[in-house]
């Protein structure tokens, strides 16, 4: 604890505070623009950190990371265009709220939940890093397979009125995820001799198409003069703050899920958001409001999304294992300053390690202040004429899709998935299950294939899949989530008949 107290003076230096504030602002802008992911924004600023002291440089990168994770919710709420993949869940209820004229309320809930989730995630990082790092080492391919299946089990809760259409959508998403090189053998699949398909179908262009382009096509199909988005009503922030604080269990549960999922290498914020969102829906007294403008859905998604940031740094700082692309960029920032992540970081450079983690708490507060300003004024975007909004979103979506790999093929992927999303909406197929399949398909396949190989080495594939303590717990959770979704649908059908 002595290192914690000795670092406060370094954190509150002018240069360090400016670094954090700059990082938050840059991160929010990066996150709100489709295609500009947190690792891209962080990588652009790595050269800037070379002339800075280690704590300031690392906090600049981490503040971009945290700001970008929140920034993705702004475009998700206002334009139904998630700036990051993890913000996809936020759009489920955030955009309906914006269409009802309550975009301001949704944005306030988003920044409040993001702040609370971020604080909880960093506190867990600060005090429980060694313990959680050992837990993350116990998650092998079989465990990651069941984690991804846990996400896919949410289909029953995200399918709306028709589970069959939801399952078909998820199956289509999984099929899309198999395009490209086999993750184990490296053999090309469904590439049709196209070099562009060897690396698979990009998740970011596909998501931009499914959410953004499809929604713009829906807006373009409306009759002239038809009300699409209601007049935005300003909401006092204290009213939203009270609403969030009256639901401490929702915030704590979602933040815990985000932190734990963040610890697991390769899991990412998407799984955390979907898990938290679905559990919030299943435990709600009014589950029918989810997907139509439930503020609890925004809170659950954003709490998990930002708590994941702290969790993702646990294996990096304590074991030297970057579990995500953003953590890998931060790994580069550490080595640039001569710091080697791992157990020795806390013994040889404890002042820097603890200064970095405490500084992330300050970053979260700064993110809240900047986020409140953006939440107050960004809904004015919706006052623009709809043809301006449509044109702007199409341009930003095209730039975002192209910027991922600087490849025009990704723009075509965006267009194709936009058309598919429009057709799906027109014929009652829900978009979330398709997104789940696209995101979780590769994780499930790689975990399954590697688990089979390891199981054969251990002499029992079945035992490796079903006989380990953690896999048994995950299987039970999977069954409970799936049955909970079915029970919820049964109650809904019974209520409609009554």
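The values are calculated or read from the model by the stated rules, or taken from the named source; none is laboratory data. Bear in mind the structure is a predicted one, so any value in this text is a computation, not a measurement. Backbone-built Cβ (ideal geometry, glycine too); neighbour counts: all protein chains shown.
Observations, loosely collected:
- In summary, helices (runs of 4 or more DSSP H) completely within segment 1-115 and bearing 1 or more residues that are surrounded by 24 or more Cβ atoms within 10 Å (Cβ to Cβ) occur at 14-32, 38-45, 54-79, 88-99.
- The test for being out of contact with any strand residue (DSSP E or B) (no Cβ under 7 Å at 6 or more places or on another chain) and under 27 Å from residue 417 (Cβ atoms) holds for residue 95.
- Selection within segment 265-291 - farther than 17 Å from residue 146 by Cα, in contact (Cβ under 8 Å) with a residue 12 or more places away in the chain and not in a helix (DSSP H, G or I): 284, 290, 291
- The condition of being touching a helix residue (DSSP H, G or I) at 6+ places or on another chain (Cβ under 9 Å), loosely packed, with under 11 Cβ neighbours inside 10 Å and modelled with pLDDT under 90 holds for residue 231.
- Test: residue in segment 195-214 that is crowded, with 18+ Cβ neighbours inside 10 Å and without any contact (Cβ under 8 Å) to a residue 24 or more places away in the chain: yes
Per-residue answers, yes or no, for (1) modelled with pLDDT of 80 or more; (2) farther than 30 Å from residue 318 by Cβ:
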site: 216; (1), (2): yes, yes
site: 223; (1), (2): no, yes
site: 227; (1), (2): no, yes
site: 241; (1), (2): yes, yes
site: 244; (1), (2): yes, yes
site: 255; (1), (2): yes, no
site: 259; (1), (2): yes, no
site: 274; (1), (2): yes, no
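- Residue in segment 292-306 that is free of Cβ contacts under 8 Å to residues at least 60 places away in the same chain, within 30 Å of residue 53 (Cα to Cα) and either over 19 Å from the mean Cα position of the chain (by Cα) or in a helix (DSSP H, G or I) (or both) present: no
- Verdict on residue 418 being surrounded by 22 or more Cβ atoms within 10 Å (Cβ to Cβ), modelled with pLDDT under 85, over 30 Å from residue 124 (Cβ atoms) and under 24 Å from the mean Cα position of the chain (by Cα): no
- Some residue of segment 248-258 being crowded, with 24+ Cβ neighbours inside 10 Å and either part of a loop (DSSP other than H, G, I, E, B) or free of Cβ contacts under 8 Å to residues at least 12 places away in the same chain (or both): no
- Residue 45 being out of contact with any helix residue (DSSP H, G or I) (no Cβ under 9 Å at 6 or more places or on another chain) and either touching a residue at least 60 places away in the same chain (Cβ under 8 Å) or farther than 19 Å from residue 274 by Cβ (or both): no
- All positions within segment 307-332 that are without any contact (Cβ under 8 Å) to a residue 40 or more places away in the chain and assigned to a helix (DSSP H, G or I): 316, 327, 331
- The set of residues in segment 161-185 being surrounded by fewer than 18 Cβ atoms within 10 Å (Cβ to Cβ), touching a residue at least 24 places away in the same chain (Cβ under 8 Å) and over 10 Å from residue 433 (Cβ atoms) consists of 161, 162, 175, 178, 183, 184.
- Only helices (runs of 4 or more DSSP H) whose full extent lies in segment 339-442 are considered here, and the ones with at least 2 residues that are over 30 Å from residue 210 (Cβ atoms) are 345-348, 350-377.
- Scoring residue 130 on the criteria (1) in contact with a helix residue (DSSP H, G or I) (Cβ under 8 Å, 6 or more places away or on another chain); (2) over 30 Å from residue 426 (Cα atoms); (3) surrounded by fewer than 16 Cβ atoms within 10 Å (Cβ to Cβ); (4) at pLDDT 80 or above leaves a single failure, condition (4).
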